[in-house]
Every structure is written in C-alpha cells, then in structure tokens.
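Student: My structure is below; once you've seen it, I'll send some questions.
The values are calculated or read from the model by the stated rules, or taken from the named source; none is laboratory data. Computed from a predicted model, the values in this text were never measured in an experiment. Quick reminder, even Gly has a Cβ in these numbers, built from the backbone with ideal geometry, and neighbours come from all protein chains shown. SASA here: full protein model, heavy atoms, side chains in, ligands and nucleic acids out. Shrake-Rupley method; radii C 1.70, N 1.55, O 1.52, S 1.80 Å.
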Amino acid sequence: MGCAQGKCCVPRRQRGRGGGGAVGGRGGATLGRVAVPGAGLVLEYATLAVAGLYPDSPGRESQDAHLVATRFAGHPDLHLFAVFDGHGACGAACAGFARDALPRLLAGVGGGAGEEGGGRMVVVEDPAAAFREALPAANAEMHAADEVDDSMSGTTAVAALVAGGALHVANVGDSRAVAGVWREGRVAAEELSWDQTPFRADERARVKACGARVMSVEQVEGVRDPEAEGWVADEGDPPRVWARDGLYPGTAFTRSLGDQAAEAVGVIAEPEVKSVEITPAHLFFVVASDGVFEFLSSQDVVDMVAAYEDPREACSAIAAESYKLWLEHENRTDDITIIIVHIRDSENPGPAGSQKMNGSSSGAVQPELTVFVPSEASHLNRDAATEMPSSSSGSPTEQHLSCVAPSPTHPLLGVGRTSETPKLIESERAMSQPAEASWHQRDGSCCCAMAVVLALQSVRHAPVANPLGAVARVFLRAPAD
C-alpha cells in the first residue's frame, strides 16, 4: 500500500512501492535446501525478486529486500525467512537497514551469548518474545542511524522462523505470510499474518485513539464524504492514516519500521506474532511482499504453489501472474518478492524435479508442539469478505492455524518412504555452507523488468483435473497419471 508521499506511493491505480531485482543477478528463482534435524524435516526453499516496472521512472531504485538465514544463530533447527517492502523516498535504504538489523537483534535478545558463552538465547527459548523485542529495536536503530532518513520513509517486515517442529511468523505492515495446508481433500490457505491497515476496525480505532484521521485521498480532496467509512478493497484509493493538522503521513498501513513522522498518530513497529506447530498436513508456506497480494488472494497463491513440483517454477508463475494483473489494472507494476518453503520428511525429501517411487511402509507422525499465543489484536487481511469485531484475546477465529509440507507418509496420500535418502544440498550450485550459519541476502535491481516478464511469460500452468493426484505428484515426486 505505501504512503501518499513521493512517486513510490501515489493514489490507488497509480501508486506503488519498490522492490528488489533479480535474485543472484540472473532473473530467475534460486533454490536452497537445509535439514531441521530436531524435527526430522527438510526445508526446500526458493526465492525470487522482480523489480517493478515504472515507465515514467526508468531509473527508479527498487525498494524490496529479503533474507534467508539457515542454521540461524548457529542453531541447526533455526531457519529464518523474511521479506521487507520499503516505501517513501528512502524506502530502499530502510528495507536494507531492516534486513541487516533484524537477524543481529533477533539473535541478540537476552544477551545473545548462546550456550557456549553461558548467555540466554531468547530466540531459542521463546521465539515470539524475541520477535516482539527485536523488531521495535530495529525501528529504534533506524531512527538513530545517520545513513537512513526515515522521517517519511520506512518498510514493512514479515519474518518466518522455523524452530524445530514449530513456525513463528512476525508481521509489521502489509506484506504477508500464508500456508498451504491439506484439508478435506484440497490444499487450503491458512493466514500466518494479517495485513495491518486501516481496513481493519481494530487498527483503525487504535490509530484514531492516537489522534489520526483515517480517510482516502478522495475524502481528503473533498470528492467523498470525509466521515464515511465504507471503503472497499480494490475500489478507489484505500483508507490512509493522516495527522489531524496536516496532509501527512498518508500511509495505507498502520504498522511499519521507520516512518518516524507517522509514529505520533499511531503507526507503530510492534509486530503481531503467530506461532504454530508443524504437522503432517502442512505442505508449504509463502512469505511475500504485497506486490504479489495486490491482485492475488492468499488462496490464489496457495493454489499456484501446489500446482508445481519445483518451488522455483511456482515463484516464477506467481510473479508472472502478478505482473500480468498489475499491467491489466495499471500502467506499471509493483516490485515483487517471493519466498516459498516446502517442508518435507527428512527420510524422503526428494530434490526439486526428481521422481520417487512409492513405498509400502508407513511413517510416524510429528509430535505435537506447544503453540504460542498470538498477539492481542483481532486480525483480518484486507481481501476478507467481512470485517471481524475487535478482540483482546487473539486472532479473529479460534481455528488452529497450521502451515507447511505433509510428511510423504501422510495417510491421506497413501505413500510410504523410500529406502534411500538423497544427500542434502544447500543450493543448486552445491555451494558449501558454514557450520554455524548460512546467509543469503538480496536487494537491488540488476535486470530489465520487461526482460524478466518476457521470461516469466514462458511459464504455463494448466488446470488441475485431479487435485489429490496433483498434490501427491507435487510433494512426493510420483510420476504423472
């Protein structure tokens, strides 16, 4: 959504924020693989960043950044995936600063000395608490940094930490994380974060209590009744946060890192954190900027991920579809950043594109793990059909929220383990990885957006006639029917 200041955040149908360029400088998705030994899982992940197309600003700097940190903080069961979507004149600097600061601060909560130094690592003991401390600390550091002007610029942040058999997702802003979960014969989308925007009644009430006005640009300009609150997603300019005595900051989100001028009217850096257990029904999760979700619903994205064996192909297909939809609605595109993470049984992980024979043995189900309590706000993504009442007890529904990839031995799929486990590799180039941690940081643009979209248009996905068989093939590498 962004702000109403500068070329990055103009009114709806003309607005947008920037994003990262081609991952690895090649315009395609990169692939990685890492084990979670404590939970008997393997993560297979792909990342893709495509710079936005701005015909009126061909030299525009992209403003997305993302981070993959495997074996985070030296722990073999911790793996961090995050996306940052900058906005404002200094949005790229804000996103890059947050990307660099978050892992350091997250690992340092509680002293960060680790077991060897005798210190307490909160990120291991209580990841949700660590996120709640680290993100506001990153915000404070950004305010104090001489190299970043965040007075009217900032960034979103959505981060997913796999911690053994659990997943912890922290969100500030309107980037999003969503899971694909096998449920009642289909892959269903489960929200792992909730967009923090004035569309949400609880967030709207909170910023108003801090003195903000909430109006669309049309209302500010007198085209619409300034008291009306009947905003509809994808129709006209969205509701924005304004100071009572001025036409600033004009943010279409209610939480962010940076945006110092907006803090006085309730735009805060406190994250909402959702923590869930990983069960055999979990297929994958996606972490992405709102360049993806502007015109695609969470279920749309989940359906596309489930249609591809290789997460790199899913990244490209989602980016191509997002790009196409942007150009159908506007004369530009937003920056698009996607991380897709499959979670597999370590005894039958199957590299991307491989095929595995069906076995006959059955496997054990992952044990249940403690689920941390979500933050105290009702949550609702802006594409929801109805508005939930504000609540002080947690998420808008009492449903258990789960995420990520079913064990290949899941009884629904009726497939056993294979007798041979492929050797795990960390990337498609078989790059060596330090024992304590592996970092993959990407931002900036190094390819022509039009060249990227032409390449992405070569990706095709046909309708799936047999959803159950398709899921079996996608996640178990079985031959096609």
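Student: Taking the conditions exactly as written (in contact with a Pro (Cβ under 8 Å, 6 or more places away or on another chain) and either touching a residue at least 24 places away in the same chain (Cβ under 8 Å) or not assigned by the TED database to the domain that holds Pro127 (or both)), does Val305 satisfy them or not? Break it down into steps so the answer makes sense when it comes.
Tutor: Values: in contact with a Pro (Cβ under 8 Å, 6 or more places away or on another chain): yes; either touching a residue at least 24 places away in the same chain (Cβ under 8 Å) or not assigned by the TED database to the domain that holds Pro127 (or both): yes.
Here the answer is yes, as Val305 does meet what is asked.
Conditions (1) at pLDDT 95 or above; (2) assigned to a strand (DSSP E or B); (3) among the small types (Gly, Ala, Ser), marked per residue:
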| position | (1), (2), (3) |
| --- | --- |
| Val34 | yes, yes, no |
| Val42 | yes, yes, no |
| Ala46 | yes, yes, yes |
| Pro55 | no, no, no |
| Gly86 | yes, yes, yes |
| Ala101 | yes, no, yes |
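Student: Tally time: how many residues in segment 308-323 are more than 20 Å from Gln63 (Cα to Cα) and either open to solvent by 10 Å² or more (accessible area, probe 1.4 Å) or not assigned by the TED database to the domain that holds Ala46 (or both)? Lay out the reasoning, then the answer.
Tutor: If we filter segment 308-323 for residues that are more than 20 Å from Gln63 (Cα to Cα), which is where we start, we get 308-314, 317, 321.
Within this subset, residues satisfying the condition of being either open to solvent by 10 Å² or more (accessible area, probe 1.4 Å) or not assigned by the TED database to the domain that holds Ala46 (or both) are 308-310, 312-313, 321.
Final tally of qualifying residues: 6.
Student: When you go through Val305, Val301, Val287 one by one, which is the residue that is open to solvent by less than 50 Å² (accessible area, probe 1.4 Å), closer than 23 Å to Phe84 by Cα and in a strand (DSSP E or B)? Spell out the reasoning first.
Tutor: Numbers: Val305 fails: in a strand (DSSP E or B); Val301 fails: in a strand (DSSP E or B).
None of the other options fit; the residue is Val287.
Student: Just checking, which of Val267, Val286, Val276 is farther than 30 Å from Arg183 by Cβ and among the β-branched types (Val, Ile, Thr)? Walk me through it before giving the result.
Tutor: Numbers: Val286 fails: farther than 30 Å from Arg183 by Cβ; Val276 fails: farther than 30 Å from Arg183 by Cβ.
It is Val267.
Student: While we're here: With the structure loaded, tell me whether Pro349 is at pLDDT 95 or above and open to solvent by less than 10 Å² (accessible area, probe 1.4 Å) or whether it fails that test.
Tutor: Details: at pLDDT 95 or above: no; open to solvent by less than 10 Å² (accessible area, probe 1.4 Å): yes.
No, not satisfied.
Student: Another question, if that's okay. Those residues that are surrounded by fewer than 24 Cβ atoms within 10 Å (Cβ to Cβ) and hydrophobic (A, V, I, L, M, F, W, C), I need them from segment 183-206; list them, please.
Tutor: Within segment 183-206, Ala188, Ala189, Ala201, Ala205 meet the criteria.
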